[in-house]
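No value in this document is a laboratory result; all are computed from the given coordinates. No experiment lies behind these values; they were computed from the predicted model shown. With ideal geometry, Cβ positions are generated from the backbone for all residues, glycine too; neighbour counts draw on all protein chains shown.
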Amino acid sequence: MNTPLLDHPLKVTLVGLDERAQTRLEMFLRGRAQDVCVLVGEHEAEAAIVDLDGFGGERLWQAFRSRFYGPAVVMSVAERRVHNALWVRKPLDTGEFLDAIKSVRQRLQTECQLHEVAQAATVPVAEPPAGALRDKTSDPVRDEGEGVSRAAGLVWDEQQIHAYCGAIDDAAYLTPTRRAELFYVPERYFQGLLPQARQLAEKHAMPVRLDIMGYTLFYLPESRKVLSDIRENILRPLCVMPLPQPSVKMHVVPQHELPPLMPGDPRLHSFEELLWLMALWASRGRVPEGTDLDTPVSLSGWPNFTRLLMTPNAMQIAALWHMQPTSLLQTAKRLAIPHRQIFALFSACQALGLIQAVNTGSMAVPGRDALAADSVSAEKRGILGSLLRKLKLTR
Amino acid sequence: MAQHKIIFAGPVGAGKTTAISVISDIPIVSTDESASDMTLVRKPNTTVAMDYGLMKLDGQERVHLYGTPGQERFNFMWDILTEGGLGLVLLLDNTRVNPFKDMSFYVGAFREFIDQTRLVIGVTRMDERQDPGLERYNAHLGTLGLKAPIFEVDARRRRDVAILVQALLYSLAPGIAADA
Ligand SMILES: Nc1nc2c(ncn2[C@@H]2O[C@H](COP(=O)(O)OP(=O)(O)OP(=O)(O)O)[C@@H](O)[C@H]2O)c(=O)[nH]1
Ligand SMILES: [Mg+2]
């Protein structure tokens, strides 16, 4: 591989080493490996070196993994398969160790490149995405762990909106010659892989392992969850670009090949929450190829907005589609909101199977025009508006 | 001035009292009693008459929040409470033996009110049991000839309850804007 490597020594932190082992490794790093890596504290580290045989090694490693998502080199006397980490045998062989460090550097390099891809794909910078996904409301009762599952929440900052709804201007949606800009093929994106993984897992009633450009995640059919410690700043770039076929591997794995799980493991994500995000990232204001922009859109059920990332005006759009099937182009006109918000929401609903063909039976939603001025009195609208404002405030 | 109110209904222990308390601006007025006989196994307190909470809006406007008692022997209260309400928030407990039966029961009991206004459904305790999922609730509601927003809700989380009530408001009028 000829990818240029990072131009500074790799910053590493040590985990699970007893004092003697640590001193020895430090000496080694200062000697043979001095240009290759430097020891730093956990918060500065780009990578970790972990001794699984040390006192509390395995437990320390699990705890460390739940807060550190960077690459790791794990060492042990007995051969080990460790999810998302490189294993090297103890006692250390200098060559093997240096090779492992080299792989780590290459991986960091890929991350940087992916990051650039994501930057190019979404207009202004949307940094730092991981923290920015955090739910703004503080919730003493159930404060979820770190990671993508935190996604449920309102998008409140302009830059984040770009990441989820794209930045296609309204003119593109209204200009027939620019139609090509409005479509994408979900199957070519990460978004298309996740349902495939689920299908395969359900067919065999076994976990499925998905490898994408050096990153791994699992679909677990029993809990219907996705096991992944890919950070959002990596996941997003992997989702915004069409994936080259050879870069993807998918196969069933026996239960014992899964990384050990802790109760309430932060690496477990709801399939729907993740797929929803992936669809938004891939869509960025576009809809799946073949979608007719003039066919009325109807929902078979509302998206589970308490747990899914809520894009701007999502509730309004859902309410309209739910009560009165309305085409994509008409929706923008009637609600007077940017097309990209509507198209992005459509793609996410489509990914979750919530879009329904119209005219499937007559539901008891009143036939009158849902938006007609007289359907709700002016006084009542005023009340509803201020109640809404109040409910949207976070305490 | 017209009275504005939102009604919370659902079986014993679904989270009505809790949901009202997390969005109310006043300490909730409740008529909880130690649960007797049938409810005792599930929880220590149950509402015997009703819950009352209040949301204060800009100006003098108020929205009253009423929780109906979960136990069916108090259902004489239900008609009185719904009079003039904006809509119904139905909470269903995912860990109950047959939450769909609960849905049918409450939708039936409040049918006239629902037909005149709007319905939203929050499914609670999904943290304790994943199944049945929301899809099946949607399907069951369809068999009752209705469509309504159905969300996973933890009644203890203000954000969940607030989103549920927002969906009720948007269902009443998708065109309303919060930033008016
Ligand atoms: N684990 C869990 N507990 C919940 C959830 N929602 C509510 N609870 C709890 O359930 C218990 C019962 O809630 P209440 O608000 O008293 O229920 P209720 O509907 O008022 O019940 P009745 O007054 O008896 O009809 C409380 O302890 C709540 O904290 C949820 O989503 N998950
Ligand atoms: Mg109660």
On a 26 Å Cα-Cα criterion, which of the cross-link pairs B:K5/B:K147; A:K380/B:K101; B:K16/B:K101; A:K390/B:K101; A:K392/B:K147 come out too long?
A:K380/B:K101; A:K390/B:K101
Under 11 Å, Cβ to Cβ, from A:A100 - net charge with Lys/Arg +1 and Asp/Glu -1:
+1
So for region A:10-120, using the alpha carbon gyration tensor with a ≥ b ≥ c as root eigenvalues (a/c under 1.5 gives rounded; past that, a/b versus b/c decides prolate or oblate), I'd call it prolate
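Starting with the fewest neighbours, write out B:F110, A:F28 ranked by other beta-carbon atoms found within 10 Å of each beta-carbon.
On the way: B:F110 22, A:F28 14.
Least to most surrounded, the residues fall as A:F28, B:F110.
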Qualifying lysines (Cα of each under 30 Å from Cα of A:K203; at least 8 residues distant if same chain):
A:K225, A:K249
Sorted by packing (mean other beta-carbon atoms within 10 Å per residue), highest first, where do A:103-109, A:225-231 land?
A:225-231, A:103-109
Sorting A:L220, A:V208, A:P260 by the position of each Cα along the dipole of region A:205-282 (Lys, Arg +1; Asp, Glu -1; all at Cβ), the one nearest the positive end of that ordering is A:V208
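Using Cβ counts within 10 Å as a stand-in for footprinting exposure, how do A:I342, B:I121, B:I176 rank, fewest first?
Ascending Cβ contact count within 10 Å gives the list B:I176, B:I121, A:I342.
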Tell me which residues come under 5 Å, amide H to amide H, from A:A48 once H is placed; ignore anything under 5 positions away on its chain.
A:T13, A:A72, A:V73
Is region A:185-231 rounded, prolate or oblate when judged by the Cα gyration tensor, a ≥ b ≥ c being the square roots of its eigenvalues, rounded requiring a/c under 1.5 and prolate requiring a/b larger than b/c?
oblate
Cross-link candidates for A:K11: which lysines have Cα within less than 17 Å, leaving aside residues fewer than 8 places away along the same chain?
A:K102
Average partner chain C-beta neighbours within 10 Å, per residue of B:53-60?
3
Two-site label geometry, A:A180 and B:K101: point separation in nm, points 7 Å out along Cα→Cβ:
6.1 nm
On average, how many beta carbons from a partner chain sit within 10 Å of the beta carbon of a residue in B:155-165?
6
Hey, with R₀ at 45 Å, roughly what FRET efficiency would A:R24 and A:Q113 work out to, going by the Cβ-Cβ distance, to 0.05?
0.80
Most exposed to least, judged by fewest other Cβ atoms within 10 Å, B:W78, A:W61, A:W281 sort to B:W78, A:W61, A:W281
